[in-house]
C-alpha cells in the first residue's frame with residue numbers, strides 16, 4: 001500500500017527500525033531530549049502505541065531521562081490495578097508490616113475474609129500482620145481458618161523466593177490464586193489486564209537478570225519517582241492508536 005499527502009512543506013516522515021522494544025523506547029526518549037535542547041516543549045510530543053501494555057518500557061525510558069509524561073485514556077503501567085495487586089502480594093510477603101498491602105490482598109481474589117474478620121485479626125496485631133494472622137487463627141471460624149491457611153502457604157512461598165526470583169514468584173502467585181480467571185470474570189477488558197500482568201512478568205525478569213532484588217526494584221524511579229500531575233500540559237502524551245481515534 002502506497003501512502004501519500006497532497007500537503008506541501010513541513011518535515012518528511014521517516015522510519016527507524018530497531019532490534020527490540022527497549023531500544024525503540026530508548027531512541028524515542030533520546031530524540032525527545034535532544035529536541036527539547038533545540039527549544040521544543042515536552043507538550044509538543046505524542047507517542048502512539050499499539051496496545052496499552054506496551055507503555056511500560058516507554059514509561060521507564062522517559063522516567064530515566066526525567067521526561068514528564070501522561071498516559072492519555074489510560075493509567076500509567078505501575079498504577080494499573082492488576083499490576084498493583086500482584087506487586088502488593090510480593091511486597092506484603094517481604095514486608096509484613098505493610099498495612100496497605102495487607103488490606104489490598106487479604107481478600108483478593110475474594111476468599112470470604114471481609115472487614116469484620118480483618119477487624120478481628122487487627123486485635124491480635126503486635127509486630128506485623130503475619131504474626132496477627134497466626135495469633136488470630138484459633139479464634140476464627142473453621143471456614144475462615146481454611147482460607148487463612150491457604151493464604152499463608154502462598155505468602156510463605158513468596159517470602160522464600162520473591163526477593164531473588166520475582167518473575168517466577170509472580171507467575172506462581174497468579175496461578176495459585178487463579179488471578180487470570182478472576183480478571184476474566186470481573187472485567188470486560190480482562191484480556192488487556194492479563195496482557196499487563198504478562199508484561200509485569202517481563203519487567204520482573206529484567207530485575208532478575210540485572211541481579212537486583214525485588215525490594216531494590218521497588219525503590220527504583222519507575223515505581224517511586226513523583227511525576228507531574230495530570231493537570232500539567234507540558235508533558236509528553238502517550239496513548240494507544242485506538243484512543244487517539246477518540247481524541
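Brief remarks follow.
- Here residue 55 meets each of (1) in a helix (DSSP H, G or I); (2) more than 15 Å from the chain's Cα centre (by Cα); (3) not assigned by TED's automatic domain parsing to the domain that holds residue 205 with one exception, condition (2).
- Residue within segment 133-150 that is surrounded by fewer than 19 Cβ atoms within 10 Å (Cβ to Cβ) and closer than 13 Å to residue 89 by Cα present: no
- Every condition in (1) surrounded by 15 or more Cβ atoms within 10 Å (Cβ to Cβ); (2) farther than 17 Å from residue 196 by Cα; (3) not assigned by TED's automatic domain parsing to the domain that holds residue 185 holds for residue 91 except the one numbered (3).
- Between 39, 73, the distinction of being modelled with pLDDT of 90 or more and either farther than 19 Å from residue 207 by Cβ or buried (at least 18 other Cβ atoms within 10 Å of the Cβ) (or both) belongs to 39 only.
- Taken together, the criteria place residue 245 among residues that are at pLDDT below 90 and assigned to a helix (DSSP H, G or I).
- Residues in segment 28-47 that are in contact with a helix residue (DSSP H, G or I) (Cβ under 9 Å, 6 or more places away or on another chain) and assigned to a helix (DSSP H, G or I): 8 in all.
- Flag if residue 186 is crowded, with 16+ Cβ neighbours inside 10 Å, outside the structural domain of residue 45 (by TED's automatic domain parsing) and either modelled with pLDDT under 95 or under 18 Å from residue 105 (Cβ atoms) (or both): no
The values are calculated or read from the model by the stated rules, or taken from the named source; none is laboratory data. The structure displayed is predicted, hence computed values, not measured ones. Every residue, glycine as well, gets a Cβ built from its backbone with ideal geometry; the counts of neighbours run over all protein chains shown.
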